[in-house]
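The values are calculated or read from the model by the stated rules, or taken from the named source; none is laboratory data. For clarity, every value in this text was computed on a predicted model and none was experimentally measured. Every residue, glycine among them, receives a Cβ derived from its backbone with ideal geometry; neighbour counts consider all protein chains shown.
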Amino acid sequence: MTVHPRYTQTIAIFVLTLLTVLTLAVLVFIIVFVFGKGLPYISYDFLFAKPEDMGRSGGIFPTLIGTVILPLFAIIIATPLGVGTAVYLTEYTRENRITRIIRFGADCLAGIPSIIFGLFGFIFFVTTLRMGWSIMSGSLTLVFMILPTIIRTSEEAIKAVPYSYREVSFSLGATLWQTVRKVVLPNALPGIVTGIMLSIGRSIGETAAVIFTAGSSLRMPHSIFDSIRTMSVHFYILAREGISNKNAYATAAVLIISILIINLISYWMMNMFIAKKTK
Amino acid sequence: MAIALSAITMLVLIVLFIIKEGLPFIFKIGITDFLLSTDWEPAAGKYGIFPMIAGSLWVTLGAILVGVPLGLAGAVFLSEFIPQWAMKTIKPTIELLAGIPSVVYGFIGVMVLAPLIREYLGGPGLSIMAASIILGIMILPTVMSISIDSIKAVPNSYREGAFALGATHWQTIHMVVIPAARSGIIAGIILGLGRAIGETMAVIMVAGNAVKLPNSPLDSVRTLTANIALEMGYATGMHRQALFATGVVLLIIIMLLNYIAMTAIRDRGKKK
Amino acid sequence: MEGDYKFRINNLNVFWGKAQALRSISIDIPANRILGIIGPSGSGKTVFLRSLNRMNDLVPEISVEGRILLDGEDIYHPDVDPVKLRKRVGMVFALPVPLPASIYDNIVFSPSLFRIRDRKKLNHLVETSLTSAFLWDEVKDRLKTSALRLSGGQQQRLCLARVLAMEPEVILLDEPCSGLDPISTAAIEDALGILKKNFTIILVTNNTKQAARVADNTAFFLMSEMIEYGATEQIFTMPRDKRTNDYVTGRFG
């Protein structure tokens, strides 16, 4: 029995449409659901007041600080390492044993689940290096987690810079370092920024690696060796221990909004860059 | 140069420290007892992680069954049948969804999905099925957006060639476009797989975490990752070492997966 | 061929992997003249040009043997810094490659590498080099706009101006007019005619007529070898080698 291709096509398109609508519906539902339940509880006080009674009432201010500080420190450390690695791999060396080992390391690191980073951060930073549950331990653990992303995206971005730009730069008397600094990196910037934004997003959403290294103290930190709780960890504790569904929804909504803002910023920067180039 | 070695140094550090904490324990207990025994009672000195291995595999398999068909269908539909302007809003939305913290997905599983399963299908609700569906949804954006990119990367001349030979749009898609985009699609699936097997907090929230071998998709189950995260907070001594040993097993599974993925992609590259 | 020589090249051999790209080239290039290099594509013209400012160093497969003296100094001597060499020997590529920045920033790219910060001096450099490249009048009111918005012919003149701003001694041009319209081509040729007062110019071209129009001396390359070298008039009117004759009269190539 053979079916006419036109009927197969009709059936296939029908099934595809159905599955796509289902997929998009589920994904949209998640955002609408969280916003519907959470947005009404978000207020100035919720964002900028101290939590009361384990987070049952009051605000989330310390966790907001934690959510800004932890990714920020991680990015400040990981960006030079990641971009430096990418520049080394693309500009300063040719494919050889060492570059293969470096790439292999980055690939493996990218595949490691966050709970393993948590375990490692706990035994290495918290225990062995005696940093305790702290901003320091948490950020350093995040550095390990986001480094491969930054290396990969920077490398792709650097490779996408036309070779002719480098040739022109050399022919105008630039050294390799001047070429990297004045021609390669500026033109790879949008890609590098995208990688950084991705990493910030991932750090904000991370729970497993953070809870075992930065701890979950709700007090305001006074130094980088104090423990801190991020919004994701706060949300997890609120939801998991059934402390307050209302505040959990509100925290989740704030989390999604932060991610949204970060995505918007990276799109905006990207467009700015493209516009500036052809002004 | 020194900077460039940071990634590999970090990898070595991680592997070294996890193994240093976990491996001696495995040898003390015995590899077979640790991997194949079904009794996990740290208080009684019984450390068998077989139920957790089974749990991880079931939940990951389920996530693939849910996420891959949906993700692929969505990717094909969106990249082949949707006008460019609509994609401009849909693609960023998908990327936003990839950025939503996993705990949020887990919470929705608890509040929405688990009650539905309990009511209509029976069982405790928090189950393999709930975890599979939630993980499947979580990996959807990853699978979808990488597949879309690789389908978009197939040159238009391929499609024109197929059309010129009298193929319908669907024949063109499944005989020309998908095979040409295959390695990218596989990379997306493997990334999704890695995310599913490594996910911790969302799974803790929806899988129920019972330490026993499951009999049906409606049973509660505990994964390797959940086992570590649930007990890490209070474990000491032998018990803590047992959790690091669980980490070693997880690490080995992930490394194996990555290795298979990398060779699969490399072999395909050679064939071309 | 009178006067002093800028480049003296003796028995130059260049290998690309195992293949030989240039075979024992010996040539003396006089200062403040235009040397035209003609020959079919693949004859080694570009490789020769890129040996003169050591751009070939960037391609690891290429190895260079023989001696190239610039003002009597061996440019492949281990003590020579290729970066300093390239400042003395500027280059314009076949396709115009403006950097994605403003016209102004393109011109000051090289001077700013050498720590020239004085605004007045930079402005002066921009004006003189754009004027010498016959581009100043067209762009003087929009120096801050992107160089990518110039037409192809304007872009190539920008590239020439960018090299002039480096204040080199020699200018190498690798088929600079291959993608340009006749008017832009004429503008560049006119510019070269004036520039040779201050620079030594080596012009690789696929267009034999262009060499006849602007070059003082002409060298004919064929299959990795230099077949003939002499005053342009002699090469085009009474070539000594039959192959040169066939090429300049358009019988092949």
Within the set of pairs 6+ apart or on separate chains, which have a first residue in segment C:27-46 that is closer than 16 Å to C:VAL170 by Cα, a second that is of a type in the set (Asp, Glu) and not in a strand (DSSP E or B), and C-beta atoms under 6 Å apart?
C:ALA31/C:ASP4; C:ARG33/C:ASP216; C:ILE34/C:ASP216
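Answer yes or no as to whether C:ARG86 is within 14 Å of another protein chain (Cβ to nearest Cβ) and under 27 Å from C:GLN210 (Cα atoms). Before the answer, list the steps.
Values: within 14 Å of another protein chain (Cβ to nearest Cβ): yes; under 27 Å from C:GLN210 (Cα atoms): yes.
Considered against the rule, which asks whether it is within 14 Å of another protein chain (Cβ to nearest Cβ) and under 27 Å from C:GLN210 (Cα atoms), C:ARG86 comes out as yes.
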Could you please find all residues in segment C:240-253 being crowded, with 18+ Cβ neighbours inside 10 Å and in contact (Cβ under 8 Å) with a residue 40 or more places away in the chain?
C:TYR247, C:VAL248
Quick check: is even one residue across segment B:10-23 within 27 Å of the chain's Cα centre (by Cα), more than 13 Å from chain A (Cβ to nearest Cβ) and either outside any helix (DSSP H, G or I) or loosely packed, with under 14 Cβ neighbours inside 10 Å (or both)?
no
Considering segment A:31-63 alone, what residues qualify as being buried (at least 19 other Cβ atoms within 10 Å of the Cβ) and free of Cβ contacts under 8 Å to residues at least 24 places away in the same chain?
A:GLY59
For segment B:30-66, name all the residues that are surrounded by fewer than 20 Cβ atoms within 10 Å (Cβ to Cβ), more than 25 Å from B:MET205 (Cβ to Cβ) and in contact (Cβ under 8 Å) with a residue 24 or more places away in the chain.
B:LEU35, B:GLY45
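Give me a count of the residues in segment A:103-117 that are crowded, with 21+ Cβ neighbours inside 10 Å and either facing chain B (nearest Cβ under 7 Å) or more than 18 Å from the chain's Cα centre (by Cα) (or both).
If we filter segment A:103-117 for residues that are crowded, with 21+ Cβ neighbours inside 10 Å, which is where we start, we get A:105-106, A:108-109, A:111-117.
Checking which are either facing chain B (nearest Cβ under 7 Å) or more than 18 Å from the chain's Cα centre (by Cα) (or both) leaves us with A:105-106, A:108-109, A:111-116.
Result for segment A:103-117: 10.
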So which residues in segment A:195-234 are over 14 Å from A:THR63 (Cα atoms) and in contact with a Ser or Thr (Cβ under 8 Å, 6 or more places away or on another chain), if there are any at all?
A:GLY195, A:ILE196, A:MET197, A:LEU198, A:SER199, A:ARG202, A:ALA208, A:ALA209, A:THR213, A:ILE224, A:PHE225
Exactly one of A:PHE124, A:PHE120 is buried (at least 17 other Cβ atoms within 10 Å of the Cβ), without any contact (Cβ under 8 Å) to a residue 12 or more places away in the chain, at the interface with chain B (Cβ under 7 Å from one of its Cβ atoms) and touching a helix residue (DSSP H, G or I) at 6+ places or on another chain (Cβ under 6 Å), and that one is A:PHE124
Against the definition (free of Cβ contacts under 8 Å to residues at least 24 places away in the same chain and assigned to a helix (DSSP H, G or I)), how does A:ILE76 come out, yes or no?
yes
Sort out which residues of segment B:19-65 are in contact with a Pro (Cβ under 9 Å, 6 or more places away or on another chain), closer than 17 Å to B:ASP219 by Cα and aromatic (Phe, Trp, Tyr), and write them in order of number.
B:TRP58
Considering only segment A:169-207, state which residues are in contact with a Leu (Cβ under 9 Å, 6 or more places away or on another chain) and either aliphatic (A, V, I, L, M) or assigned to a loop (DSSP other than H, G, I, E, B) (or both).
A:LEU172, A:GLY173, A:ALA174, A:THR175, A:VAL183, A:ILE192, A:ILE200, A:ILE204, A:GLU206
Within segment C:217-239, is even one residue crowded, with 16+ Cβ neighbours inside 10 Å, within 22 Å of C:LEU172 (Cβ to Cβ), aliphatic (A, V, I, L, M) and touching a Lys or Arg at 6+ places or on another chain (Cβ under 7 Å)?
yes
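To keep it simple, each residue is scored yes or no on (1) away from chain B (no Cβ under 12 Å); (2) without any contact (Cβ under 8 Å) to a residue 40 or more places away in the chain; (3) aliphatic (A, V, I, L, M).
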site: A:GLY84; (1), (2), (3): no, yes, no
site: A:LEU89; (1), (2), (3): no, no, yes
site: A:THR93; (1), (2), (3): no, yes, no
site: A:ARG181; (1), (2), (3): yes, yes, no
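Hey, among the residues in segment B:220-236 that are part of a loop (DSSP other than H, G, I, E, B) and in contact with a strand residue (DSSP E or B) (Cβ under 8 Å, 6 or more places away or on another chain), which one's nearest to B:GLU41 (Cα to Cα)?
Filtering segment B:220-236 for residues part of a loop (DSSP other than H, G, I, E, B) gives B:220, B:222-223, B:233-236.
From the residues that got through so far, the ones that are in contact with a strand residue (DSSP E or B) (Cβ under 8 Å, 6 or more places away or on another chain) too are B:220, B:222.
Numbers: B:SER220: 17, B:ARG222: 14 Å.
Ranking the candidates gives B:ARG222 first.
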Can you spot a residue in segment A:47-70 that is part of a helix (DSSP H, G or I), within 12 Å of chain B (Cβ to nearest Cβ) and modelled with pLDDT of 90 or more?
yes
